[in-house]
Amino acid sequence: EACFPFFEAYASVLSGSRVWLYQELQAFDATAEEKVALEKIQDCYSDERIRNILLEPKIMEAMVASPECLSYYGLDNIRSILDYISKLLGE
């Protein structure tokens, strides 16, 4: 049930966009400490952008292919989620 909201937030971290990150954090009512922590994670992804572009699809695939996500959403919906995230990230 939490897969799709998680992937939206995860994509906002990967995007490098603070505006998008803050928008997603509002949906989760994030604390100031959580906001700072996710900003730091986003900075790490931005610092290693090339390496992460190559690595993230593998990480994303592992998460999406989890039995929990597949059983809740089904394969067609998982594909839609991945397509959506790819569009958001401009890939």
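Things to note:
- Taking segment 60-74 as the range and being surrounded by 11 or more Cβ atoms within 10 Å (Cβ to Cβ) and over 12 Å from Phe7 (Cα atoms) as the test, the residues that pass are Ala65, Ser66, Glu68, Leu70, Tyr72, Tyr73, Gly74.
- Restricting attention to segment 9-59, the residues that are modelled with pLDDT under 85, surrounded by 17 or more Cβ atoms within 10 Å (Cβ to Cβ) and either among the charged types (D, E, K, R) or touching a strand residue (DSSP E or B) at 6+ places or on another chain (Cβ under 8 Å) (or both) add up to 1.
- Subset tally (residues that are in a helix (DSSP H, G or I), of a type in the set (Ser, Thr, Tyr) and farther than 25 Å from Leu75 by Cβ) for segment 1-33: 2
The values are calculated or read from the model by the stated rules, or taken from the named source; none is laboratory data. It should be emphasised that the depicted structure is a prediction, and the values quoted were computed from it without experimental measurement. Glycine gets a Cβ as well: all are built from the backbone with ideal geometry, and neighbour counts include every protein chain shown.
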